[in-house]
Amino acid sequence: MLKPDGFAALIFPGWKAPLPTPVPQELLLSWTEEDLTTFQPIQWWKKLFEQEEYTRLLSIAELSCVDEAWADWLATDNPYAIGDRPSMEHGAGKYMNFIFLTACHK
């Protein structure tokens, strides 16, 4: 929940579409099945924020620079980025995107 007059701008990884079942093996090179539940497609996030009582979704979109964003992330020495590399090097990027949203207090 945002404070009155609060504003948020977020960018986070998500799925291009709902995750297929069974879970593709390339995803499991870096993440557990439980980890993968933290990623969601844009429709899921839109519905979540539209149901929020105190927050108004202003905009939500997939980043057009998703490949560049992933490349920048994976090039860092962040331990999480290093852990993401095996899956991304084996084709997991075809499932992944980055979602950008802005929201404010209602």
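Given the chain, what percent of its DSSP beta bridges are antiparallel, to the nearest 5?
Numbers: 16 of 17 bridges.
In the chain, approximately 95 percent of DSSP beta bridges are antiparallel ones.
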| note | Length gained if Lys3 through Val23 is fully extended, taking 0.36 nm per residue and subtracting the Cα-Cα distance, is 3.4 nm
| Karplus-derived HN-Hα couplings along segment 17-26 (A = 6.51, B = -1.76, C = 1.60, θ = phi - 60°), whole Hz, x at Gly and Pro | 8, x, 4, x, 10, x, 4, x, 4, 5
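In nm², what is the average projected area of the convex hull enclosing the Cα atoms of segment 21-75? It would help to have the intermediate numbers written out before the result.
Numbers: hull surface 22.1 nm².
Projected over every direction and averaged, the Cα hull of segment 21-75 covers 5.5 nm².
When N counts the residues of the chain, how does its alpha-carbon radius of gyration compare numerically with 2.2 N^0.38 Å, as a ratio? Before the final figure, lay out the partial values.
Details: Rg = 15.1 Å, N = 106, 2.2 N^0.38 = 12.9 Å.
Expressed relative to 2.2 N^0.38 Å, the Cα Rg reads 1.16.
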| note | Helix-only [θ] at 222 nm, the chain, -39500 (n - 2.57) per DSSP H run of 4+, per residue, nearest 500, equals -9000 deg cm²/dmol
| note | Contact order relative to length for segment 17-106, counting C-alpha pairs under 8 Å separated by 6 or more residues, stands in percent at 44 percent
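Only the coordinates and a few stated rules stand behind these numbers; no lab work does. Nothing here was measured: the structure is a model prediction, and the numbers come from that model.
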